[in-house]
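The values are calculated or read from the model by the stated rules, or taken from the named source; none is laboratory data. Bear in mind the structure is a predicted one, so any value in this text is a computation, not a measurement. So basically every Cβ, Gly included, is an ideal-geometry build from the backbone, and we count neighbours across all protein chains shown.
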Amino acid sequence: MTRAKLAKATNSAIDSPDRRRLPPLLRRAWYGLNQAFRRRIAHLGVTPDQFTVMRTLLEHEGITQRRLTELMSSDPNTVASLLERMERANLLERQTHEKDRRANALKLKPLARGKYETARGLAVSLQSEILSTLPEASREQFLEHLNAVADACRLAAEMSPKQKITEPLLKKPSTPRSNSTGR
């Protein structure tokens with residue numbers, strides 16, 4: 001960005017088209033990274049979300065589904081569906097949790113561990129490739145800043161009250177009713 005454009009952007013509203021805007025940048029970065037990783041691990045028969053489950057379970061073996069959902073920054077329905085598919089694919093098993101009999105502890109099966117190790121190498125390579133676009137001296141600081149943004153986004157979500165939609169966004173046009181006599 002030239003100095004003139006930078007000055008104009010700096011003086012513009014935060015949502016101005018002249019500025020770099022956080023939501024589209026985060027979305028574009030996430031989408032590009034997700035698609036690149038998805039293509040690189042497709043031959044393993046796992047998805048990026050399944051890789052995240054495997055990594056999280058290896059780092060926190062025996063955790064509950066609720067804890068996995070928190071650690072993955074996901075929602076319960078998405079994680080439940082993901083775990084069902086992984087269980088059918090013989091990648092994980094659920095066992096009664098030692099401390100809470102109402103909950104299940106999640107454990108990876110050997111097949112998942114093998115797929116994870118291969119996918120991990122591809123993930124590390126992709127991360128290195130992406131971060132190489134930044135000067136080496138600023139990579140760790142970039143990740144620290146990105147972590148601060150992620151924490152702020154999570155806090156904003158937690159602090160935002162859930163609003164119910166009181167009116168439909170699109171109202172259906174009312175259709176005239178005919179009476180039973182055909183008039």
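When the residues of the range 138-183 are filtered to those that are small (G, A, S) and farther than 17 Å from L22 by Cβ, the one that is modelled with the highest pLDDT is S138.
The requirement of being farther than 29 Å from L108 by Cα and either modelled with pLDDT under 95 or loosely packed, with under 14 Cβ neighbours inside 10 Å (or both) is fulfilled nowhere in the range 32-40; no residue meets it.
Apart from one condition, M159 fits all of (1) surrounded by fewer than 13 Cβ atoms within 10 Å (Cβ to Cβ); (2) in contact with a helix residue (DSSP H, G or I) (Cβ under 7 Å, 6 or more places away or on another chain); the exception is (2).
Restricting attention to the range 43-56, the residues being under 23 Å from V149 (Cα atoms), among the hydroxyl-bearing types (S, T, Y) and under 13 Å from the mean Cα position of the chain (by Cα) number 1. Is there a residue being over 21 Å from A150 (Cα atoms) and not in a helix (DSSP H, G or I) anywhere in the range 25-42? Within the range 25-42, none of the residues are over 21 Å from A150 (Cα atoms) and not in a helix (DSSP H, G or I). The helices (runs of 4 or more DSSP H) located wholly in the range 57-166 that include 3 or more residues which are over 16 Å from the mean Cα position of the chain (by Cα) occupy 76-88, 110-131, 139-159.
Those residues that are closer than 14 Å to L44 by Cα, of a type in the set (G, A, S) and in contact with a strand residue (DSSP E or B) (Cβ under 9 Å, 6 or more places away or on another chain), I need them from the range 76-119; list them, please. Residue satisfying the conditions is A112 alone. Of the residues that make up the range 120-130, is at least one exposed (fewer than 13 other Cβ atoms within 10 Å of the Cβ), closer than 25 Å to V79 by Cβ, at pLDDT 90 or above and of a type in the set (V, I, T)? Taking every residue of the range 120-130 in turn, at least one turns out to be exposed (fewer than 13 other Cβ atoms within 10 Å of the Cβ), closer than 25 Å to V79 by Cβ, at pLDDT 90 or above and of a type in the set (V, I, T). Summed over the range 28-52, residues that are closer than 16 Å to E87 by Cβ and in contact with a Leu (Cβ under 6 Å, 6 or more places away or on another chain) total 1. If you go through the range 95-117 and pick out every residue that is among the polar types (S, T, N, Q) and exposed (fewer than 13 other Cβ atoms within 10 Å of the Cβ), you end up with 2. Look at (1) modelled with pLDDT under 90; (2) not in a helix (DSSP H, G or I) and you find that A4 fails only one, number (2).
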